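See below for the structure under consideration.
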Amino acid sequence: MSKINKISTDGGRALGQNPFGGLDAPGGLGALPQAGTAAASPPPKQTAEAARKNRGRVDVTREKAGRGGKTVIVVSGFTGIGLPEKEQLAKKMRAACGVGGTVKDGRIEIQGDKRDEVARILAEAGFRVVFAGG
């Protein structure tokens with residue numbers, strides 16, 4: 001192969017505009033604020049607890065239909081959290097309640113009627129718990 005067909009990867013003009021090029025420029029994001037300016041004041045401190053206070057509403061429902069008469073608590077309505085965090089919450093709930101459970105279709109299902117324990121764990125994680133259904 002000849003060098004003519006290769007594209008340069010050294011960040012030169014051949015690749016077009018560099019989206020990170022302005023970071024090191026004077027006054028860019030990489031520059032430190034000057035003393036005595038408004039930007040020099042530190043941002044207000046937020047504790048991890050304050051940041052986790054309001055993580056949204058979740059619905060806690062009790063279901064029996066299609067489960068052979070067994071009661072299952074279903075937690076749904078999560079916004080902004082991924083599968084790994086849902087699995088971590090489910091693990092805490094299973095351990096605290098002493099029952100089985102799983103994460104299916106973006107919902108947490110806990111075996112048995114353990115709404116109070118599930119609500120306590122969700123409230124500690126910063127969710128606003130709403131009991132829906134029977």
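Key figures
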item: Selection status of ARG67, of a type in the set (Lys, Arg) and part of a loop (DSSP other than H, G, I, E, B); result: yes
item: Subset of segment 100-120 [under 14 Å from SER76 (Cα atoms) and assigned to a helix (DSSP H, G or I)]; result: ARG115, VAL118, ALA119
item: Residue within segment 76-99 that is among the polar types (S, T, N, Q), at pLDDT below 90 and outside any strand (DSSP E or B) present; result: yes
item: All positions within segment 54-74 that are surrounded by fewer than 12 Cβ atoms within 10 Å (Cβ to Cβ) and over 26 Å from GLY126 (Cα atoms); result: ALA65, GLY66, ARG67, GLY68, GLY69, LYS70
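The values are calculated or read from the model by the stated rules, or taken from the named source; none is laboratory data. Small disclaimer: the values here were computed from a predicted structure and weren't measured. Glycine gets a Cβ as well: all are built from the backbone with ideal geometry, and neighbour counts include every protein chain shown.
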